[in-house]
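Input: a single structure, listed below in structure tokens.
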Amino acid sequence: MKSTRILLTLFLVLLVAIGLIGCSSNTTKDDEKDDQDTAQNETDDSTDDSDEDADEPAASGGTLRIAYSAQPPSLDQHLSTAAATTEIMGSVYEQLISVDSEYQIVPQLAESFEQSDDGLEITFKLREGVLFHNGKEMKAEDVVASMNRWKDLPGGRGQFDDAIFEEIDEYTVVFKLDKPLSTALTALSQGGTTFSGIMPKEVVEAADETGVTEFIGTGPFKFVEWAHDQHVKLEKFDDYVSQEGESNGLVGEKAALVDEIIFEFVLDPSTRVAGIQSGQYDIVHNIPNDNAILLEGTPGLVSHVASGISTMVAIPNKSRGIFSDVRAREMLAALIDYDEVMTAAYADPQYYRLSHGMMLEPQEAYWYSEQGKEKFYQNDPEKAKKILEEIGYDGETVTIITDREYVTHYNAAVVLQKQLESIGMNVELQVYDWATLLDKVKDPNEEYDLYAMGHSLRADPTAIYYFGKGEGGFTESEELDQLLEEFRNQPTLDDTKEVFDRIQKWHWEYIPALKLGEVSRTEFSTDKVEGLRHQGRMLLWNVSKSE
């Protein structure tokens, strides 16, 4: 049997999320800039300066008010690919397995897990006595219902289509695969967008295509209310059953040290800044870098740099319009001045990293390829003009869609518009609210051509957002399908490296998207807040607030 503690030398992407799609958003001083995204999400090895495992603070009670920069389109953790969902609900739901601060895969709601020698079964022994927020004990039937739903939704779709979770007894479940899958454990443990939170069986069974109607998990905080366009409120779950052991990454001992958490949706960055300065908020999410520079050193405020939260990606619509022609995507690759886009979005080069690779810097220790390096950052407008002539462009309107809730998205879109116009293209910029934008990028019938978005990577290359046939630009490639299948079917992660080289070669030939840069994010809190850490997202357990 394979050990229940599997050390990955790559960084898992958490998410996150902040995502996909979720979108990252804004960066801040990169403590190390870690990887920027670090898997964005996922790797946020980040963990900001205070991400070191710390002594648990004394219980404080009170209300923790967070000015949050975006509204989630849904609070269904299985369904939503938005980072806002994961960040808000990450203290409500927990997983069978997760990762510690070194990205070692360890049990969470499982007491232990074992993978068979042939890789076709993973058996999970569940912790006994774990309670849902409705008072019901979590048992195998809940895990089976939750995981079989999750695997057919964005988090598991395409990886586990023919796999199934089955109950062995009340506290044992087995995950049966039809073939070995090198990425199975990384996918199950990733804590970014669409992570595999466990819900009561009856909640899963009552869900429809729009999602679950009750938000019930096992975490240290329980859901109270969602006032759309205003806030989400969580409160301490008094009967929470924590893991034993030192708090470490996403696992270990957790405690709800405040009575309630209120995520207030404050979309305007200047309002968030004013709110932390006045003491209206205890934590402010996603402070733009130019504001962060000004706030640094302010008495009573503490900066938290979450390195490697996400990547910024330009994603062309490949289902219709000009970018359905690969030559137009080659034109885009030839044209873009990455530094100009990223400086507009993130204020200063110290807050981002440029790379030709699909993965994040920490992951490059495991998955790195020279493929496509010569096609990266060409910044060649004349070449772009020549390609335009070859494809017969005749002044048709090119539509870029964006939102203002993530100022980084908007600023990147404005520069992309300017660069395309500089070679004679007719470009229209359409601005929507965040939720509407997410709906549009999922619909192949929407008439848009390009968007830029922060993207929280997943745990491995097979789950990259823009490889999907749906949202992510509608990528349709039999060659990619075959490569991803070959990647997943390798017996070990070491065996995937050669396949990854071919995937990146395909990437620069097909150009499903262009990674504009890897970024990090800054939050500020008052000095009354203690214990705030990051690992792909804010970790709000073991956080106290003094009066």
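The values are calculated or read from the model by the stated rules, or taken from the named source; none is laboratory data. Quick caveat: nothing in here was measured; it's all calculated off a predicted structure. Cβ coordinates were reconstructed from backbone atoms using ideal geometry, including for glycine residues, and neighbour counts include every protein chain displayed.
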Inset, instruction - Taking the options Ser50, Ser69, Ser60, name whichever one is more than 14 Å from Gly531 (Cβ to Cβ) and either out of contact with any Asp or Glu (no Cβ under 6 Å at 6 or more places or on another chain) or modelled with pLDDT of 90 or more (or both). - result: Ser69
Legend entry - Cβ pairs under 6 Å, 6+ apart, first in the range 392-415 and over 16 Å from Asn286 (Cβ atoms) and at pLDDT below 95, second assigned to a strand (DSSP E or B) and not hydroxyl-bearing (Ser, Thr, Tyr): none
Legend entry - Subset of the range 128-150 (residues that are of a type outside the set (A, V, I, L, M, F, W, C), in contact (Cβ under 8 Å) with a residue 24 or more places away in the chain and surrounded by fewer than 18 Cβ atoms within 10 Å (Cβ to Cβ)): Glu128, Gly129, Asn134, Gly135, Lys136, Glu141
Legend entry - Check on Thr85, of a type in the set (S, T, N, Q), under 21 Å from the mean Cα position of the chain (by Cα) and closer than 20 Å to Val224 by Cβ: yes
Inset, instruction - Considering only the range 238-273, state which residues are free of Cβ contacts under 8 Å to residues at least 40 places away in the same chain and more than 25 Å from Leu188 (Cβ to Cβ). - result: Asp238, Asp268, Ser270, Val273
Inset, instruction - Go through (1) without any contact (Cβ under 8 Å) to a residue 60 or more places away in the chain; (2) of a type outside the set (Lys, Arg); (3) farther than 20 Å from Asn148 by Cα; (4) surrounded by 17 or more Cβ atoms within 10 Å (Cβ to Cβ) and name the single condition Gln230 misses. - result: (4)
Inset, instruction - May I ask you to verify whether Gly156 is part of a loop (DSSP other than H, G, I, E, B), closer than 20 Å to Thr462 by Cβ and in contact with a helix residue (DSSP H, G or I) (Cβ under 6 Å, 6 or more places away or on another chain)? - result: yes
Inset, instruction - Output yes when any residue across the range 438-450 is within 24 Å of Gln71 (Cα to Cα), of a type in the set (A, V, I, L, M, F, W, C) and assigned to a helix (DSSP H, G or I), and no when none is. - result: yes
Inset, instruction - For Tyr366, work out the one condition from (1) surrounded by fewer than 17 Cβ atoms within 10 Å (Cβ to Cβ); (2) farther than 30 Å from Ala435 by Cβ; (3) of a type outside the set (D, E, K, R) it doesn't fulfil. - result: (1)
Inset, instruction - Report whether or not Gly192 is under 30 Å from Gln71 (Cβ atoms), modelled with pLDDT of 95 or more, of a type in the set (Gly, Ala, Ser) and not in a strand (DSSP E or B). - result: no
Legend entry - Single residue of Phe524, Phe467, Phe487 found to be farther than 30 Å from Gln350 by Cα and crowded, with 22+ Cβ neighbours inside 10 Å: Phe487
Legend entry - Test for Leu539: is it buried (at least 21 other Cβ atoms within 10 Å of the Cβ), at pLDDT 95 or above and within 17 Å of Gln190 (Cβ to Cβ): yes
Inset, instruction - For residues that are among the polar types (S, T, N, Q) and surrounded by 14 or more Cβ atoms within 10 Å (Cβ to Cβ), scanning just the range 423-459, find the one that is modelled with the lowest pLDDT. - result: Ser456
Inset, instruction - For the range 209-268, enumerate the residues that are under 28 Å from Arg404 (Cα atoms) and touching a Gly at 6+ places or on another chain (Cβ under 7 Å). - result: Val266
Inset, instruction - Collect the residues in the range 457-499 that are in contact (Cβ under 8 Å) with a residue 24 or more places away in the chain, farther than 23 Å from Thr311 by Cα and in a helix (DSSP H, G or I), keeping them in residue-number order. - result: Glu479, Arg488, Asp495
Inset, instruction - Specify the residue that is nearest to Val326 (Cα to Cα); the eligible residues are those in the range 499-536 that are at pLDDT below 95 and of a type in the set (S, T, N, Q). - result: Ser520
